[in-house]
Amino acid sequence: MARVLYMGLPFPAEPQKTASSSSSSSPSKPLKLPHRTCSTNISIPSTAKGGGNRLLKTQKLNSEVSPHRAVSAVRLMRIELGGAFADLLNEKGKGSGENEMGYVQRTLGFRTRELNHHDLRLVTDIVGGTIRWRRYLDHLISSLCHDKDISSMEPLLLQILRIGFYEIVKLDMPPYAVVDENVKLAKFALRPGAGNMVNGILRKLVVLKEKESLPLPKVEGDDRAQARALATLYSHPVWMVRRWTKYLGQEEAIKLMIWNNSEPSFSLRANRARGFSRDDLVTQLNALKVPHKLSPHLDEFVRIKTGLQIIIQAGLLKKGLCSVQDESAGLVVSVVDPQPGETIIDCCAAPGGKTLYMASHLSGQGKVFAIDVNSGRLRILKETAKLHQVDGVITAIHADLRTLPDSGQLKSNKVLLDAPCSGLGVLSKRADLRWNKNLEDMEQLKELQDELLDAASKLVKPGGVLVYSTCSIDPEENGDRVVAFLARHSDFHIDPVDRYVPPDFVTSSGFFFSNPVKHSLDGSFAARLVRDL
């Protein structure tokens, strides 16, 4: 399940239920770095350097290192070592957990100035882009590094090189300014020798880029060789490239990878439960001078490409007036079709984006039973429900759906199972997910999805509907799971979704499916399954 950021933090209020978050380490813990070596015998500084708040306060301000690069390097290191996700920063430079600048001080051993709005935008661009293009960047780094095996390179040095390569190759920043700034970061955060190494490698890159002769692989040879080349060129794991080529064909697989590597766009949902309409939201966005477009599919949604930090600073999310939620998630709620007075069971509810949206449709009449195995995320759901003023219709239940007592007391005519999944439909927003998944995970997820579907079916009354949804584009997690479920449960049948969503989203099997390339939305799937009377 995915990392969640709420209220004043700018990442979506509808983070997707990927299966990785429950095992992620807490971001509030001190960063522990492995002592790695490379051919230059560089050693990483201990995080104990300047450890403790008292010592942090006494560290000198370093005005020579650009603060956004310092924050980006530390954030990237924390992401790779499991201490954080690629979330954005709020206006005070804080990430999920404790103060972001504190991590910088403890890791680098010096203070930088606070981040301004421009710095925050650069951190967002650099962190997200460097993660997306990691395989591509590492290929270039290893091609230009004396030691071709960069796996043993110390973490901080590698992140500094990745940042420099990304800025030069993908952001087209002034190359020698990039070299100078990243050399300073390596020099002060590590030592002069590290700065010399960064200087030499980045200057090689500048020369090759000017000659348009970057050492990149050609797409040739057998299927495996082509997949490896495409995986490097478009920076995805080889197994994903092969899987998408199998299901989509090479041309569509390339389009999908290009989408995943593009700058993510977001949608805002006006919270009508607080009497805040889309017109009110548009008025606020106009006042803040944030460019936006109305959703053509959902009345409460507005699309934005830039300006999310401005919205955060204005407090619209913190006040509960709106939330960041992709339209694809909203369309899944449309498939559920919540109506005032109904009782709905949300089987894997936390972090609660769809739960809150369904609750807002009840207009204070009805009930949403929100079940989740994660007590911490369920607690946050309850807090957010109060903020959105829908807590009166939401009842949280801390339980594993698969072991819920089959007492017959908790049954409903509408049950939503928004299942934990690979998250392959949200890779444009969650760039880190692509590096945290493998084929073995997919097999385990399919087993979990089958178990959850069987458990959820027990909660559906005769004549009631079970909606199964994922944020995946993989057919084995979507239609295949429905077919397998129907083979086990002959008392259920497919109810086509064409009455609930625009026809462009309806598959030939009657399922809802949003295609990232076709619809410019997150990839998402939903099926309505009706229990016979």
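Between rounded, prolate and oblate, where does region 67-211 land on the alpha carbon gyration tensor, with a ≥ b ≥ c its root eigenvalues, rounded for a/c under 1.5, else prolate if a/b exceeds b/c? Please report the intermediate quantities before stating the final value.
Working: a/c = 1.60, a/b = 1.53, b/c = 1.05.
Cα axes put region 67-211 in the prolate bin.
What would the Debye formula give as log10 I(q)/I(0) at q = 0.09, 0.12, 0.13 Å⁻¹ for the alpha-carbon point model of the chain, no solvent? Scattering profile of the chain, log10 relative to I(0): -0.68, -1.15, -1.30.
Descending by average beta-carbon neighbour count within 10 Å, the peptides 216-224, 67-75 line up as 67-75, 216-224, the highest first.
For region 231-297, just say rounded, prolate or oblate: build the C-alpha gyration tensor, square-root its eigenvalues into a ≥ b ≥ c, call rounded for a/c under 1.5, and beyond that prolate if a/b exceeds b/c, oblate if not.
Details: a/c = 3.97, a/b = 2.91, b/c = 1.36.
Prolate, because a/c is 1.5 or more and a/b exceeds b/c.
Legend: Rg and Dmax of region 186-230, from Cα coordinates, 16.3, 47 Å.
By accessible area, using a 1.4 Å probe on protein heavy atoms only, region 67-211 has 52% of its surface on carbon and sulfur.
Given a cut-off of 28 Å, what percent of all Cα-Cα pairs of region 327-531 lie beyond it? Cα-Cα pairs of region 327-531 separated by over 28 Å account for 21 percent.
Using a Förster distance of 60 Å, how high is the FRET efficiency between ALA399 and ARG203, based on the Cβ-Cβ distance and rounded to 0.05? Don't jump to the answer; show the numbers that get you there.
Details: r = 59 Å, r/R0 = 0.98.
Plugging the Cβ-Cβ distance into 1/(1 + (r/R0)^6) gives 0.55.
Sorting the segments 199-209, 519-529 by their mean number of nearby beta carbons within 10 angstrom, highest to lowest, gives 519-529, 199-209. A crude spin-label estimate for the pair ASP504 and GLN409, with each label 7 Å from Cα along the Cβ direction, gives 4.7 nm.
With every protein chain present, what is the per residue accessible area of the chain (1.4 Å probe, Å²)? If you can, show how the numbers build up before the last one.
Numbers: 21320 Å² over 533 residues.
Ligands and nucleic acids excluded, the result is 40 Å² per residue.
For the cross-link pairs LYS218/LYS246; LYS170/LYS204; LYS17/LYS429; LYS354/LYS386, the ones whose C-alpha atoms lie over 18 Å apart are LYS218/LYS246. Averaging sequence separations of C-alpha pairs under 8 Å and six or more residues apart, then dividing by the length of the chain, give the relative contact order as a whole percent. With pairs under 8 Å counted, the relative contact order is 14 percent.
The values are calculated or read from the model by the stated rules, or taken from the named source; none is laboratory data. Because the structure is a prediction, the values reported are computed rather than measured. A quick note on method: Cβ atoms are made from the backbone with ideal geometry, for glycine too, and the neighbour counts reach across all protein chains shown. In case anyone asks, the SASA skips ligands and DNA or RNA and just uses the protein heavy atoms, side chains included. Shrake-Rupley method; radii C 1.70, N 1.55, O 1.52, S 1.80 Å.
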